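Throughout, read-outs are computed from the coordinates displayed, never taken from laboratory work. On a predicted model such as this, the values are computed, not experimentally measured, just so you know. All Cβ positions, glycine included, derive from the backbone under ideal geometry; neighbour counts span all protein chains shown.
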Amino acid sequence: MRLAVLFSGGKDSVYAAYTMAQMGHELAALVSVVPSDEHSWVFHVPNLRFLPAMAEAMGLPLLTENSTGEEESDLEALRKVLTGLDVDGVVTGAIASDYQWDRVNHVCQDLGLRTFSPLWRKDQEMLMKDMIMSGIRSIPVRVSCEGMDGSWLGRELDLAALDGLRALSKKYGMNLAGEGGEYETLVLDSPLHRARLTLMDVRKEMSRDEGCLLIGSVELEAKDGA
C-alpha cells in the first residue's frame, strides 16, 4: 500500500514509518501540520522549521499545512493536507493517547483512508528498546517533568539512557515513552535516513518546570551508499 506518514521529526513517527516500511508498504510522503501555538492540542511542535531538512534527509516529499494549534484548526489542517493525496492510508506514531488516535482516525475515515498505528498499545519499555535497537537515533529537545533536567537535552536515547528513563519512571511515575508530554524528541538518524542530521549553534534553555534545546540550524551529512 502507498502510505503517507503523519510526521513530526520525533522518534515515534519515524519508528512507525520504519515499521510499516519493514512490512513492505511504500512510504509515499511525509505529512505535517504546523501549529502556530507551541501548546497544540493534537500535534508535536518543537523544531518544525527544520521539517524540510528532515524530509530531505529521508528522501521523501513533504506536505505541510499551517494551523493555529487549537483542536478544530489542527484537525482541519490535517484534513486539508490529506485531501486528494494519492495514498491508501496514513501512518501515525500514536502509542497511548486515545485523544490523538481518535481524532486522527476520524479525519482519515471521512476521507476514505485507512489508519495504521503500529506502535499502538505496545509495551512501552519493549517498544523503546526495539526502537533503539532498530537504529533510531533520537534526542530529547524538550523536557517537562520532574527528574528530567537539562542534562537530558540533546542526550541520545540509547540503552543507557533507557535505563535512566526507567529509573525516573519508577521514582516519579513518568511515562517511559514521553506519552504524557514528559519529553519530546528529534531524530538525527534512522534506517530510513539517507543523510544524518547534525545540529549547529545549539544551546539549552531551562526554566523552573521546562527545558528546551534551542537549535540554530541543521546540516545534512550523506551516509555511505546513499
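Summary of packing: across the peptides 120-127, 27-34, the per-residue average of other C-beta atoms within 10 Å ranks them, highest first, as 27-34, 120-127. Farthest toward the positive end of the dipole of the chain, out of 178, 25, 104, is the Cα of 25, where the dipole comes from beta carbon charges about the Cα centre. Each Lys or Arg adds one and each Asp or Glu subtracts one; over the other residues with Cβ under 13 Å from the Cβ of residue 99, this totals -4. Once Rg and the Kirkwood radius are both taken over the C-alpha atoms of the range 2-116, their ratio Rg/Rh works out to 0.92.
Mean separation of Cα pairs under 8 Å and 6 or more residues apart, divided by the residue count, gives the chain a relative contact order of 21 percent.
Each helix, a run of at least 4 DSSP H residues, gives -39500 (n - 2.57); summed and divided by the residues of the chain, these come to -9500 deg cm²/dmol at 222 nm.
Applying Stokes-Einstein at 20 °C and 1.002 mPa s to the Kirkwood radius of the range 58-150, computed over alpha-carbon pairs, gives a translational diffusion coefficient of 137 µm² s⁻¹. Computed over the range 124-222, the alpha-carbon pair-distance distribution with 10 angstrom bins reads 16, 47, 31, 6, 0, each value a whole percent. Candidates 14, 116, 159 compared by Cα position along the dipole of the chain: farthest toward the positive end lies 159, with charges placed on Cβ. For the chain, what percent of Cα pairs sit more than 23 Å apart? In whole percent, the share of Cα-Cα pairs in the chain beyond 23 Å is 45. Seen against the Cα atoms of the chain and their longest principal axis, helix 71-82 is set at about 50 degrees. Computed from Cα positions, the angle between helix 11-22 and the longest principal axis of the chain comes to roughly 50 degrees.
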